[in-house]
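Right, one structure below, let's go through it.
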Amino acid sequence: MGETILTVIAAVLAVFGLYCLCRLISALIFSPSCIAAAVIVSGEDDAENLSENLGQAATALFRTRTKKIIVIIPESLMYGCMGEHGELYDEYREIIENYGAEWIIGSGGRNLIGKEDRKQKS
């Protein structure tokens, strides 16, 4: 009796594992090239941890090496914290370039984070 139950559980787990493997392979092969990983810098803490955040984005499960990482920096951080006059400070530029990422100035990273947090709480 116990052996039968273990066999059934093993079979269910094997089918589930095969399903997950098929989903992973199809996501890696058939995902559109316009989808990219993004790192949203929403404050000075995120700016200080930029290298760590980019490292995590670079090793994300569904990200292939051909897909870029986009760093979104709010305008408020471009006045003294991360850059001046629309140009990044060299230390941040080097970090971003080391990961082969691109950066853009967004309008308020906090708003993007806030929307995500509200969805998770609902």
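The table that follows gives values for the structure above.
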quantity: Protection proxy ranking of 47-59, 26-38 - average other beta-carbon atoms within 10 Å, highest first; calculated: 47-59, 26-38
quantity: Pairs of Cα atoms farther than 19 Å apart, segment 1-87, %; calculated: 60
quantity: Inter-probe distance in nm under a simple model that places probes 7 Å from Cα toward Cβ, at VAL12 and GLU44; calculated: 5.3
quantity: Two-site FRET efficiency, CYS20 against GLN56, from Cβ-Cβ distance with R₀ of 22 Å, rounded to 0.05; calculated: 0.55
quantity: Pairwise label distance in nanometres, GLU91 with ILE104, each label 7 Å out on the Cα-Cβ vector; calculated: 2.7
quantity: Net charge, ILE105 excluded, C-beta distance under 11 Å - Lys, Arg +1, Asp, Glu -1; calculated: -2
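Throughout, read-outs are computed from the coordinates displayed, never taken from laboratory work. The shown structure was predicted, so the numbers you read here are calculated from the model rather than taken from an experiment. Every residue, glycine as well, gets a Cβ built from its backbone with ideal geometry; the counts of neighbours run over all protein chains shown.
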